[in-house]
Structure formats: structure tokens, C-alpha cells
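Novice: For reference, the structure I am asking about is given below.
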Amino acid sequence: MANIRVIVVDDHAFTRTTVSDSLRIHGVDVVETCGTANEAIQGAAVHNPDVMVIDLNLGQGPSGLDLATGLRKRNPQLGIVILTSYSDPRLMANDLPPLPPGALYLVKQDIVDTETLAKAVTRAHESARNTRGLGNHAKRLELTDGQVEVLRLMSEGLSNGEIARRRGVKEKAIEQTISRIAKRLELPAGSEVNQRAQLVRSYFELTGTQRV
């Protein structure tokens with residue numbers, strides 16, 4: 001792994017340091033760490049890395065998938081690892097570009113040790129040079145895009161009426177959608193169960209985040 005040159009992109013300094021140190025333990029050459037998409041673009045131009053490890057959510061501005069898509073256009077042999085807490089990228093936004101061919105989508109909660117991350121970098125490096133594509137697709141919940149959007153809007157604290165207005169449908173339709181989401185996620189039913197609270201809790205579990 002010592003010959004693989006990597007740039008780590010994450011808007012949180014602690015995560016950047018943790019990921020970089022974890023890769024260096026396994027002999028990966030981390031040539032730069034970046035906190036924004038612009039820094040990553042400049043860093044890639046300067047260092048010409050073999051692999052970019054990119055967080056999906058980079059805060060304001062382009063997402064990690066937007067950045068990965070742009071970088072791959074500039075360098076078709078660039079290995080990409082999308083490292084994220086979102087089990088399904090649609091939980092962050094419903095208009096994200098697809099995962100570039102051969103790229104890896106790695107959920108932070110699934111990483112059991114530092115070696116897992118280092119192996120992902122090696123695999124991404126190989127995938128970008130293999131026409132058969134050794135990457136993996138981002139996981140998708142058994143929910144439609146519309147259902148994911150409703151779940152996301154619920155997590156933002158919007159009422160059924162507010163969600164209905166935003167989506168241009170009747171409130172009754174949102175109520176039915178919420179019921180279908182709860183059934184898909186196999187949440188408990190019953191008059192004593194606060195379905196909305198259960199769904200919002202599920203959203204934060206699926207995104208690996210804490211409600212504040």
C-alpha cells in the first residue's frame with residue numbers, strides 16, 4: 001500500500017486526522033488532507049493522487065459525490081472512496097449524482113478496524129484501472145425517492161401539512177406515505193406508539209447522526 005498516494009477530504013478536522021492516521025498505520029501515503037471541495041480540487045491538481053477518500057457531506061457547497069464526479073472527469077483512473085455515515089445517499093439529498101464507476105461507498109458505521117479502510121483504498125485503486133469495475137454501489141433502502149424525501153423532511157421537524165405543501169400534494173397523501181415508510185422499515189404499530197418519533201429516530205440511526 002506504500003505506493004498508493006491518497007488525499008483525504010472531510011470538513012471535520014478530527015475526522016480528517018483520524019482517517020489519515022488510520023491509513024498511514026497501514027503504509028498508505030497520505031499526501032494531503034482537505035476540508036473543502038475547492039481545496040480538494042487544488043490538491044488533486046498539485047499531487048495527482050491515486051485515490052481520493054471523500055466524505056459525502058462536505059457542508060455548504062458541492063457534495064462528496066459532486067466532487068468525485070468532477071475529479072473523475074479530469075482523471076478517469078482516479079480511485080474514489082466515498083466515506084460517509086449515510087447508509088443511503090438519498091438520506092442526505094435526492095438530487096445527488098450516481099457513484100462514479102469503480103468507486104467504493106463505505107459507511108463509517110460498518111468499519112470494524114483501520115485495516116478495513118486501508119483495504120478499501122487498495123480496492124478503489126484497482127477498480128479505477130479495471131474496466132470490469134470492482135467498486136460497490138451505494139446501499140439503497142427499500143423506499144422510493146419520494147418516501148426518502150418525506151422521511152428526511154420529517155427529520156427536519158416539518159409537519160405533515162408543511163411537507164404536503166412543499167411536495168405539492170394533499171396532507172392525506174403524506175399521512176399515507178408515512179404509514180408506508182413505517183411498514184417498510186418494520187417499525188412497531190399501535191395506538192401507544194408515536195410513529196413520527198419512531199421514524200425520526202430511524203432516520204438519525206440510518207444517517208449515523210445524533211439529533212440536536
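The values are calculated or read from the model by the stated rules, or taken from the named source; none is laboratory data. No experiment lies behind these values; they were computed from the predicted model shown. Virtual Cβ from ideal backbone geometry, glycine too; neighbours counted across all protein chains shown.
Novice: Which of the residues belonging to region 30-40 are more than 19 Å from the chain's Cα centre (by Cα) and of a type in the set (A, V, I, L, M)?
Specialist: Val30, Val31
Novice: Report, by residue number, each residue of region 13-44 that is of a type outside the set (Asp, Glu) and without any contact (Cβ under 8 Å) to a residue 24 or more places away in the chain.
Specialist: Within region 13-44, Ala13, Phe14, Arg16, Thr17, Thr18, Ser20, Arg24, Asn38, Gln42 qualify.
Novice: Looking at region 147-161, which of its residues are free of Cβ contacts under 8 Å to residues at least 60 places away in the same chain and surrounded by 15 or more Cβ atoms within 10 Å (Cβ to Cβ)?
Specialist: Gln147, Glu149, Val150, Leu153, Met154, Ser155, Leu158, Asn160
Novice: With touching a Lys or Arg at 6+ places or on another chain (Cβ under 9 Å) and at pLDDT 90 or above as the only criterion, which of Ser63, Ser85 stands out?
Specialist: One residue alone meets the criteria, Ser85.
Novice: Shifting gears a bit: Against the condition at pLDDT 90 or above, among the hydroxyl-bearing types (Ser, Thr, Tyr) and not assigned by TED's automatic domain parsing to the domain that holds Thr15, how does Ser155 come out, does it pass?
Specialist: no
Novice: Only strands (runs of 3 or more DSSP E) wholly contained in region 11-101 count here; list those with 1 or more residues that are buried (at least 23 other Cβ atoms within 10 Å of the Cβ) and of a type in the set (A, V, I, L, M).
Specialist: Here the list reads 51-55, 79-84.
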